[in-house]
Every structure is written in C-alpha cells, then in structure tokens.
C-alpha cells in the first residue's frame, strides 16, 4: 500500500516534538474556551495545521498518524488532489446560487453518480443536503409522505444525528440526548442482533433478534402504522456493531412485506469504508432509501438521500431542499472524491487495511484479556474493551488506551454505547508502514494497562 494523496510535501511520518498539547495548541485552546461554546468538545486538545495521506500535523509541528479520518470523512485523504482541483475550479466559477433558485450541473452529476453507485437496479432519484442528520431527517419525511404513516422504527445502539428528530432516533443518552428533550414522537426502538452481547450467545443471535424486533413492531406499534425502519448496516457510534448475518435481510423482508420504507443509514459506513461501496451490499440488502454523508465529498459538507424514484417523488414540489443543500463547491468535491475512489480502487485498499489490522488486533486479543472482541470490516475496525474474564464494559481502559495513543502521536477515536470501544477509521490511502506503526502504539497502550 503506497502513500497516496493529500499533499506530497507533507512528510508521512509520526513525529512528537513537544508535549501533547504543545504551547501553541494550549494558547489556541485558551482562546477557544473564551469564545466557543463549552458544549463543543474536542477528542484531542491539539489544533490542526496541515493534514494529508495518513497524517495530521498540529500547530506545534507534531505529526500524528491519523486513524480517525475526521470520523470517516477524509477517506480519500485530506486535500485529495482531485477534490482540491474540482473544488478550486468551482470556486472560481461561483460559490452559491441555491439549487432551489437556479440549479447547476454539479448537483445533477452527483445525483447521477449516486444512482449508479447505490445498490439495486431500479430507477433512483436523490436529494442533496448538508449533514448526515439532515439526510436522515429528510428520509423520514419522504417515507412519511410516501406511506401516509407516522411511526418510525429504530434499533438499540443506533445513532442517527443531533437534530431533535434524529436525537429521538438515537439510542445513546450521553452526550447526544441528555437534557435536550422532549423529543419528536412516534419513534419506537427494538433490539438489534449484537452478537458479542446477545444473551443466548452469537449462534442464534440473528434469528432471535429479528423475531424479537418483528414481534415488538407488530404488537406495540402495528406494522400498518410504520412509515420507515431506519438502521445502520454497521452501527457506528453504538460501537461498530456488525449485526449477526441474516438479521438485516430478515428486517428488510419484513419491511417489504408490510409496505414499510427500509432506510439504510450509510453515513459512516458508505463510500468504500467497509471494502464495498456500501455496507448493506455485504448481504445483498437493497434498501428503499439510503442516506449518505461523511465520506461523500472528501471533507466538504454534503449529504444525500437516494432511493426508489417513486418514493422520492412522493414529496410535493418545494417539500425538500434547503439554502445550502447540494452546495456547488461541495458537489464538485464529491465528484473529485468519487473519481479518486474509482481510480485508486479504494474498496480494495479498505479490504487490505482489514487484512493488516485484524490479524494484529486478534493476536493482541489473545495476549490481553482486556480485549473482549475484535470486529468490523474494511477500514471500519474496532476493539471492545472489557474487564478481563468478563463482558463487563471497561471504559476506563478505553480512555487510557486513547490517551496513550494521543500522547505518542496516534489519533484514535473511542465510541460505543458503554464508552468501551476503540474504533479505527484510517484514511483509505494510508501507507501500510504508517498503519503498522500506529498499531505498534496501540499495542504499547494495551501492554501499559497490564
């Protein structure tokens, strides 16, 4: 795996030259605290100066191996040449007209690409927005308009955003929902097939979880009242949970049998992240609607709802949109990102990242009892940390691992309903040497727990 993209002048190396955070970052943090709302937190207390390939450099000259990609956003690498070229060309033409006032070709081109790339050979249409939460919220609007129903079904451990409706759809209280209610009504939560934590074990997890979910929907909501079932094919903030094989197809079939719009939330898992264009392809699941954002535009804000033409067209003219939705510069960046994904075959690169990461983490799991499970696909990999010999969540160990990595020059993220999962989302263009060096530091952190 070669070091591709992201500015050739940026050395692809881990380099720690000051304490973390360094003096310039500390000075900027003081300024941030005096002017930025306290609710806007930061995973690492360092301020970025440059980023590209597999590294992020801070204002003090420290260079961190990037195993986070801005939460799965810069999959093509930061400042990818195709993204920069196309966005810069568009900046010179115009920055905004509002697609609802005078449309432009870039918006149409992105929708054409989404029709080509998303699962299924049916006629598809798209609408473009700014963020993942906005996409999910609009998917619910579209499903309600199409079905004439109100109820929305979501799943344990799911995350769908921070707007009022998407907070209602999200399972985790802290930090996403705490103190922000009341939430939107007509949202119902059912079990998901979480193999590691399923009460009877992983073997019957898919069948039992699907049966429980369908039973709850049928008895507590009524299938005839459900507009949409919304699920992440790989649950992101819930802990990179891969539902047991067979669960997604069973839920999808139940939706089809009952006229329910099946929505795949691929905001974190889409665009080559799992080694396929979209994670739902792994079991051949074809959603009615699919929501995308994060990796779609190489770092610029863009999101989409793509789906069956007859469902997308159920909304009256003017019912979908927004001032900035499908911004022309973001659309140009998306076309550049998709160009890079194709030209570099980033699906293959994601699969190679899994080939490198999983065996090393599985060996570490044999050595360190704190690792309860290694899971994930492609470049969406996680370790769930537990009290050794149990399945009791171990958020303290998780925080310690992350802190060690950050101090040693490796950017990692934590996640999970119980705060006990270390997740890895490296740029798909990361050099293999950097990836292995980052894993060396993760193993040092795990050894330090002992």
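The values are calculated or read from the model by the stated rules, or taken from the named source; none is laboratory data. As the structure is a prediction and not an experimental result, all values here were calculated from the model. When we count neighbours, we look across all protein chains shown, and the Cβ atoms used for this are built from the backbone with ideal geometry, even at glycine.
General observations
- Residue in the stretch 213-230 that is modelled with pLDDT of 95 or more, under 24 Å from the mean Cα position of the chain (by Cα), in a loop (DSSP other than H, G, I, E, B) and under 30 Å from residue 384 (Cβ atoms) present: no
- Once the stretch 193-212 is narrowed to residues that are outside any helix (DSSP H, G or I) and in contact with a helix residue (DSSP H, G or I) (Cβ under 6 Å, 6 or more places away or on another chain), the residue that is nearest to residue 249 (Cα to Cα) is 193.
- Test: residue in the stretch 81-89 that is assigned to a loop (DSSP other than H, G, I, E, B) and without any contact (Cβ under 8 Å) to a residue 40 or more places away in the chain: no
- Selected residue (only one of 377, 273 is touching a helix residue (DSSP H, G or I) at 6+ places or on another chain (Cβ under 7 Å) and either at pLDDT below 95 or within 25 Å of residue 137 (Cβ to Cβ) (or both)): 273
- Selection within the stretch 171-200 - over 23 Å from residue 215 (Cβ atoms) and either surrounded by 18 or more Cβ atoms within 10 Å (Cβ to Cβ) or touching a strand residue (DSSP E or B) at 6+ places or on another chain (Cβ under 9 Å) (or both): 172, 184
- Hits in the stretch 342-352 (condition: over 14 Å from residue 295 (Cβ atoms) and touching a helix residue (DSSP H, G or I) at 6+ places or on another chain (Cβ under 9 Å)): 343, 352
- Residue among 103, 11 that is in contact with a strand residue (DSSP E or B) (Cβ under 8 Å, 6 or more places away or on another chain) and either in a loop (DSSP other than H, G, I, E, B) or outside the structural domain of residue 432 (by TED's automatic domain parsing) (or both): 11
- Scanning the stretch 279-298 for residues that are touching a helix residue (DSSP H, G or I) at 6+ places or on another chain (Cβ under 8 Å) and surrounded by fewer than 24 Cβ atoms within 10 Å (Cβ to Cβ) yields a total of 4.
- Residues in the stretch 361-398 that are touching a strand residue (DSSP E or B) at 6+ places or on another chain (Cβ under 7 Å), touching a residue at least 12 places away in the same chain (Cβ under 8 Å) and not in a strand (DSSP E or B): 361, 362, 364, 365, 370, 391, 394, 397, 398.
- For the residues 408, 399, the requirement of being within 18 Å of residue 449 (Cα to Cα) and within 22 Å of the chain's Cα centre (by Cα) singles out 399.
- Candidate set from the stretch 146-166 (those that are surrounded by fewer than 22 Cβ atoms within 10 Å (Cβ to Cβ) and either outside any loop (DSSP other than H, G, I, E, B) or not assigned by TED's automatic domain parsing to the domain that holds residue 220 (or both)); member that is farthest from the chain's Cα centre (by Cα): 147
Yes or no, residue by residue, for (1) surrounded by fewer than 24 Cβ atoms within 10 Å (Cβ to Cβ); (2) more than 21 Å from the chain's Cα centre (by Cα):
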residue: 41; (1), (2): yes, no
residue: 47; (1), (2): yes, yes
residue: 50; (1), (2): yes, yes
residue: 53; (1), (2): no, no
residue: 57; (1), (2): yes, yes
residue: 61; (1), (2): yes, yes
residue: 68; (1), (2): yes, no
residue: 71; (1), (2): yes, no
residue: 74; (1), (2): no, no
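- Qualifying position, being touching a helix residue (DSSP H, G or I) at 6+ places or on another chain (Cβ under 8 Å), surrounded by fewer than 20 Cβ atoms within 10 Å (Cβ to Cβ), in the same structural domain as residue 149 (by TED's automatic domain parsing) and touching a residue at least 12 places away in the same chain (Cβ under 8 Å), among 326, 307, 322: 322
- The single residue among 338, 353, 383, 430 that is in the same structural domain as residue 270 (by TED's automatic domain parsing), buried (at least 20 other Cβ atoms within 10 Å of the Cβ) and modelled with pLDDT of 95 or more turns out to be 338.
Matching residues to (1) within 23 Å of residue 153 (Cα to Cα); (2) in the same structural domain as residue 224 (by TED's automatic domain parsing); (3) under 12 Å from the mean Cα position of the chain (by Cα):
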| site | (1), (2), (3) |
| --- | --- |
| 261 | yes, yes, no |
| 273 | no, yes, yes |
| 276 | no, yes, no |
| 279 | yes, yes, yes |
| 287 | yes, yes, no |
| 290 | yes, yes, no |
| 298 | no, yes, no |
